[in-house]
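Worksheet: one structure, shown below.
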Amino acid sequence: MDSFYEICDNSILLLIASMTGHLVPDSKLYNKTLLNPLNEKFLKKMKIFTQGKGTNAYAFAKKGMIMLVEKEVGKFAKKNTRIITISPGAVETPMSSTDASDTSVIETFVKNTPIPRMAKPIEITKLLQYLCTEEASFINGTDILIDGGITSHMKYNKIF
């Protein structure tokens, strides 16, 4: 974030997080660690938290990104810069196509999404485009879920 801060002025910083960041439980220990990624013990702690699994590490990284935006919003405002994360769910991309190694996970995910399909890339880009307009100029320091409702549905219905 410091590198972006050095070059931003009257800007909008849009970061792509993931709905998986919302699936990491809130914990004082997790949060303290994620807000200090340059700490010398960071990687050691993250290996313990994620149990060495890449999919878990991805979710923690995205949660950390969301938290850093929330933490740094005031600092960036001093340079007239808005910072926002967006958290997509499953998006129709070549990676998520039938060529993906485990389509059963994707099929289960889509089946349990209240809007039972993946997002189209244009739906994500239109949100990003909107966030860059004057009409969105009061949106700042937050994360926007664009996931068809799966995160909330999972949270309250113990799915997965």
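Laboratory data are not the source of any read-out in this text; all were calculated from the coordinates shown. Every value quoted in this text rests on a predicted model; they were computed, and no experiment measured them. Cβ coordinates were reconstructed from backbone atoms using ideal geometry, including for glycine residues, and neighbour counts include every protein chain displayed.
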Tell me, how many Å apart are the Cα centres for segment 133-160 and for segment 1-52? 18
Cα-based Kirkwood hydrodynamic radius, segment 64-145, one decimal, Å: 14.7
Measure off 7 Å from each Cα along the Cα-to-Cβ vector at GLU123 and LYS78, then give the distance between these two points in nanometres to one decimal. 4.0
Neighbour net charge for THR33 - beta-carbon separation under 9 angstrom, K R +1, D E -1: +3
Dipole of the chain, positive end: most advanced residue of ILE16, MET46, THR142 [Cβ charges, Cα centre]: MET46
Relative contact order, percent, segment 2-157 [alpha-carbon distance under 8 Å, six or more residues apart]: 31
The chain - charge dipole about Cα centre, Lys and Arg +1 at Cβ, Asp and Glu -1, debye rounded to 20: 700
Equivalent ellipsoid semi-axes - Cα gyration tensor, segment 18-114, angstrom: 28, 19, 11
Only counting other Cβ atoms within 10 Å, I'd like PHE4, PHE138, PHE76 sorted with the fewest neighbours first. PHE138, PHE4, PHE76
Quickly work out the ILE7-to-GLN51 label distance, labels modelled 7 Å from Cα along the C-beta direction, and quote it in nm with one decimal. 3.9
Please list 3J(HN,Hα) in residue order for segment 78-83, calculated via the Karplus relation 6.51 cos²θ - 1.76 cosθ + 1.60 where θ = phi - 60°; whole Hz, with x for glycine and proline. 4, 10, 6, 10, 8, 10
